[in-house]
Amino acid sequence: MIVYLYGEEFPSRTFVLLAQETATVANLRAAFMHILNEINRTDLQFRFRYKGIFWKDSKPVSDYVPEQPEWVRVEVVALARAQILAAAMDKQPKEPVLAALLREYDWFLKRERTLFSFKASIVIYLIVAIMLFATTYWFAGLWSSLHAFLALRNFPSFSRVGGCVSPMDPWAIRVVLFHSIACFANLAICTAFFALVMIDLKNGCGGTCNDWQRYSAAMYILAMLATLVSGLFAIWLRKNFLHKVGDLIVPALLDAQNIAEILAECAAGSVEDRRRLALELSAVCAASDQNKRRVVRADGLTRLVTLALGADEATKDFAAEAIAELATLEEGQSAIVNSEEGIRCLFALLHSSANSLQYAMSALAQLAKGELYVQRIINTGGLDDIIAAAHRKDINKAATEHLAAIFNGMAHFSYACRALLGSPDILQLLLMIAEDTDSTPAAQTWALEAVSKMAALEPDACPLGSEGFAIIFRQLKSGDESVRVASLEILSVLSHDLAGIGLIMKQDDLVPALASACRTGTPDFRASVALLCAILLESRKARTVLVRKGIKDLVQQLRDESQAQASIDRCLVALGAL
C-alpha cells in the first residue's frame with residue numbers, strides 16, 4: 001500500500017512511503033524520519049492521523065486501514081514538543097530516537113560508499129584475473145575471470161534518494177555471501193600456486209628459471225590481495241545488508257524514556273498542548289508494558305485522571321485510552337482500584353463521549369477479572385453507572401464486548417455478586433447482547449456465560465422466560481462454536497436442579513433446537529448434547545414429556561458419535577424404563 005504524507009509543516013510537499021502488509025505505524029514513522037533527516041527537519045516531532053484518528057506506534061497499519069486500498073493519504077501532525085529533539089550531528093547527548101536515527105543513517109551512508117568500493121575491487125579483481133592467463137598456471141585466470149564476471153553481472157543494487165532507503169533484495173545477501181566464499185576459496189588456490197612457483201624458484205626450476213616464473217609469482221600475490229580485499233568487502237556488506245530501516249528507531253520509539261518530562265508538562269500549557277500531551281501518553285502506554293510500569297511508578301495515573309476529567313472531549317478520550325492501557329497490567333489495576341479518584345474517574349467516563357465510554361468499559365473489563373477489584377466496583381456504586389451506560393444508544397461494538405466481559409467477570413467470583421447481578425434488567429441486557437447480530441462472537445459468548453453463572457444460583461430466581469429460552473435456542477444454531485457451547489451450558493446448569501428441569505420442559509422448541517444444533521456441531525458439542533439428554537431423561541417427570549417431544553429421534557441421531565457412547569447408553573437405559 002502506498003502512503004502519501006502531507007501536513008501543515010510541508011504546505012507544498014507530499015511524501016511517499018510504501019507500507020508492507022505487516023508494517024506497524026512505528027515502521028512508517030522510522031521511514032519518514034529518514035526523509036526528515038535528509039531535509040534537515042530532525043527537530044520535528046510528529047504523529048500520523050487518518051480520518052481523525054491518531055495512529056499509535058505499536059499498532060499495525062492494517063488496524064487503521066483494514067480495507068487495504070492501493071493508496072491512502074495520511075496527515076502528518078506536528079506536536080508542540082519539538083524542542084526536545086537536539087540538532088543533528090552535534091556532540092551533545094542525543095534524544096534516544098534521534099540517536100537511533102543517526103546510527104541508522106550512518107549504516108546506509110556506509111553501505112552506499114562501500115558498495116562503490118566493492119564494485120571497484122571486483123573490477124580490479126577482474127583485471128588481475130585476466131592477467132592470470134599469462135601465468136604458469138593459466139587456468140587460474142579462467143575461473144577467476146568467470147567469478148569476477150558473475151559478481152559484476154549480479155552486483156546488488158541499492159538506492160537512497162531523498163531519504164527513501166530501498167529494501168535489500170534477499171538475492172543480494174546471497175550474492176555477497178557466495179562472492180565472499182568464492183573469494184576465500186580462490187585466495188587459498190592462489191596461495192597454493194604462489195607456493196608452488198616459489199618452490200620451483202628456490203630449487204632453480206631445473207636450470208630453466210626465467211622472468212615468466214617471477215611474473216607468475218608477482219601476479220599470484222596481486223591476485224591474493226585482490227581476492228582478500230574483495231572478500232572482506234563482501235563480508236562487511238553482508239552484515240550491513242541485514243540492517244533495515246527501523247531496526248534501531250522502532251525500539252527507541254516504543255521505549256519512552258522521557259515519561260517524567262511528559263507528566264510534568266501535563267500540569268500546565270494550553271488546551272491544545274494538554275490534548276497533545278494526553279495523546280502522547282496514550283501512545284506511550286500502548287507501546288509496551290515497560291512504559292506502562294514507568295507511568296504508574298511516576299504517579300502518572302493522577303495526571304491522567306486530571307486530564308480525563310477536564311472539559312476538552314479529545315483530551316478526555318486520549319486520557320481514557322491511556323488509563324485503559326494501564327488497566328491491562330496488574331500494577332495499573334492496583335493503582336486504579338486503590339485510588340478513589342481513579343475508580344470514580346472510570347465511572348464518570350461512562351457518561352462521557354462514545355470513545356471515552358469504550359475505554360472506560362475496557363478498563364473495567366480488566367478489573368472485573370479480579371475478585372477484590374469486583375468488590376471495589378460494587379462497593380463504590382459503579383454497578384449502577386455500568387447499567388446506565390449499557391443502555392446508551394451510542395454504545396459501539398467494542399464497548400458492548402467489554403460490557404459482556406464485565407458482567408461475565410463479576411458473575412464468576414462469588415454468590416453475592418451473582419445474586420446482585422441476577423436481576424431481570426441485567427439478565428435481559430445480557431440476552432440482548434447475545435441476540436444482537438452486531439455483537440461480536442466474543443461478546444455473545446461472555447454474555448451467555450454470565451447468564452449460565454446466574455442460572456446456577458436458583459433456577460426459580462433466574463427469570464429467563466419463554467423469550468429468553470427462545471434466544472438461547474437460536475444461539476444453539478450459531479455459526480460460532482463458542483456461542484453454541486455457552487448456550488448449551490445454560491441448559492446444562494439448569495438441568496442439575498428439578499426446578500431448572502421444570503423450566504426446560506416448558507419449552508416446546510427444546511428437542512428441535514438441539515437436533516438442529518447437532519447437525520453442525522463438533523463431536524465434543526454433540527457429546528455434550530448427549531450428556532444433557534441423559535440427565536433430562538433420568539428425571540421421571542421429564543422422561544415422558546421428552547419422549548412426546550421426539551427425544552428418541554435425537555438419541556438415534558447421536559448413536560454414531562463415539563465420544564457420546566456413555567451418555568447414549570444412559571439415555572437408552574432411561575428410555576427402556578418407560
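Taken over the range 146-186, the residue count meeting the criterion of being part of a helix (DSSP H, G or I), under 17 Å from GLY231 (Cα atoms), free of Cβ contacts under 8 Å to residues at least 40 places away in the same chain and not small (Gly, Ala, Ser) is 10. Scanning the range 471-501 for residues that are open to solvent by 30 Å² or more (accessible area, probe 1.4 Å) and assigned to a helix (DSSP H, G or I) gives ARG474, GLU481, SER482, VAL485, GLU489, VAL493, LEU498, ALA499. Would you pick out the residues in the range 363-377 that are within 23 Å of the chain's Cα centre (by Cα) and hydrophobic (A, V, I, L, M, F, W, C)? Answer for the range 363-377, where residues must be within 23 Å of the chain's Cα centre (by Cα) and hydrophobic (A, V, I, L, M, F, W, C): ALA363, LEU364, ALA365, LEU367. The number of residues in the range 394-442 being modelled with pLDDT under 80, open to solvent by 50 Å² or more (accessible area, probe 1.4 Å) and either among the hydrophobic types (A, V, I, L, M, F, W, C) or under 18 Å from ALA365 (Cβ atoms) (or both) comes to 6.
Would you check which residues across the range 345-383 are part of a helix (DSSP H, G or I), modelled with pLDDT under 85 and out of contact with any Leu (no Cβ under 9 Å at 6 or more places or on another chain) and list them? GLU371, LEU372, GLN375, ASN379 - these are the residues of the range 345-383 that are part of a helix (DSSP H, G or I), modelled with pLDDT under 85 and out of contact with any Leu (no Cβ under 9 Å at 6 or more places or on another chain).
Table: residues versus (1) assigned to a loop (DSSP other than H, G, I, E, B); (2) at pLDDT 80 or above.
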{"position": "MET219", "(1), (2)": "no, yes"}
{"position": "LEU222", "(1), (2)": "no, yes"}
{"position": "LEU225", "(1), (2)": "no, yes"}
{"position": "LEU228", "(1), (2)": "no, yes"}
{"position": "TRP236", "(1), (2)": "no, yes"}
{"position": "LYS239", "(1), (2)": "no, yes"}
{"position": "HIS243", "(1), (2)": "yes, yes"}
{"position": "ALA264", "(1), (2)": "no, no"}
{"position": "ARG274", "(1), (2)": "no, yes"}
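Please go through the range 47-88 and give me each residue that is surrounded by 11 or more Cβ atoms within 10 Å (Cβ to Cβ), at pLDDT below 85 and not small (Gly, Ala, Ser), ordered by number. The answer is GLN68, LEU79, ARG81, ILE84, LEU85.
Among the residues of the range 538-558, count how many are outside any helix (DSSP H, G or I) and charged (D, E, K, R). Walk me through it before giving the result.
The first filter runs over the range 538-558 and keeps only residues outside any helix (DSSP H, G or I), leaving 538-539, 550.
After this cut, where a residue has to be charged (D, E, K, R) as well, the list is 538.
Qualifying residue count, the range 538-558: 1.
Among the residues of the range 155-203, those that are of a type in the set (D, E, K, R) and either open to solvent by less than 50 Å² (accessible area, probe 1.4 Å) or under 20 Å from PHE139 (Cβ atoms) (or both) comprise ARG160, ASP200.
Taking the range 1-40 as the range and being open to solvent by 20 Å² or more (accessible area, probe 1.4 Å), part of a loop (DSSP other than H, G, I, E, B) and either among the polar types (S, T, N, Q) or within 21 Å of LYS244 (Cα to Cα) (or both) as the test, the residues that pass are MET1, GLN20, GLU21, THR22, ILE39, ASN40.
Residue by residue, here is whether (1) open to solvent by 50 Å² or more (accessible area, probe 1.4 Å); (2) within 18 Å of ALA365 (Cα to Cα); (3) of a type in the set (Ser, Thr, Tyr) holds:
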position	(1), (2), (3)
ARG276	yes, no, no
LEU279	no, no, no
SER288	no, no, yes
ASN291	no, no, no
VAL295	no, no, no
GLY300	no, no, no
LYS316	no, no, no
LEU326	no, yes, no
ILE336	no, yes, no
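Restricting attention to the range 505-537, the residues that are closer than 19 Å to SER478 by Cα, part of a helix (DSSP H, G or I) and either modelled with pLDDT under 80 or of a type in the set (A, V, I, L, M, F, W, C) (or both) add up to 14.
Quick check: anything in the range 372-385 within 23 Å of MET432 (Cβ to Cβ), touching a helix residue (DSSP H, G or I) at 6+ places or on another chain (Cβ under 8 Å) and among the acidic types (Asp, Glu)? Step through it out loud before you land on a result.
Quick first cut of the range 372-385, residues within 23 Å of MET432 (Cβ to Cβ) only: 374, 377-378, 382-385.
Okay, now just the ones that are also touching a helix residue (DSSP H, G or I) at 6+ places or on another chain (Cβ under 8 Å), so 374, 377-378, 382-383, 385.
In the following step, the residues that additionally are among the acidic types (Asp, Glu) were identified as 385.
Taking every residue of the range 372-385 in turn, at least one turns out to be within 23 Å of MET432 (Cβ to Cβ), touching a helix residue (DSSP H, G or I) at 6+ places or on another chain (Cβ under 8 Å) and among the acidic types (Asp, Glu).
Of all residues in the range 482-504 being β-branched (Val, Ile, Thr) and at pLDDT below 80, which is farthest from GLN444 (Cα to Cα)? Here the answer is ILE501. When you look at LYS552, is it over 20 Å from GLY468 (Cβ atoms) and touching a Gly at 6+ places or on another chain (Cβ under 8 Å), yes or no? In short, no. Filtering the range 133-149 to residues that are open to solvent by 90 Å² or more (accessible area, probe 1.4 Å) and under 21 Å from PHE233 (Cβ atoms) leaves TRP143, LEU146, PHE149. Would you confirm, using the coordinates I've provided, whether ARG570 is modelled with pLDDT of 80 or more and out of contact with any Lys or Arg (no Cβ under 7 Å at 6 or more places or on another chain)? When the stated conditions are applied, ARG570 passes them. The residue pairs whose first member lies in the range 522-540 and is on the phi < 0 side of the Ramachandran plot, whose second member is among the β-branched types (Val, Ile, Thr) and outside any helix (DSSP H, G or I), and whose beta carbons are closer than 8 Å, counting only pairs six or more residues apart or on different chains, do not exist in this structure. Scanning the range 366-393 for residues that are under 13 Å from GLN333 (Cα atoms) and either open to solvent by 10 Å² or more (accessible area, probe 1.4 Å) or of a type in the set (Val, Ile, Thr) (or both) yields GLN366, LYS369, GLY370, GLU371, LEU372, TYR373, VAL374, ARG376, ILE377.
The values are calculated or read from the model by the stated rules, or taken from the named source; none is laboratory data. Fair warning: this is a prediction, and the values are worked out from it, not measured in the lab. Cβ sites come from the backbone with ideal geometry, for glycine too, and all protein chains shown count toward neighbours. To get the accessible areas, we keep the full protein, side chains included, count just its heavy atoms, and leave off ligands, DNA and RNA. Shrake-Rupley method; radii C 1.70, N 1.55, O 1.52, S 1.80 Å.
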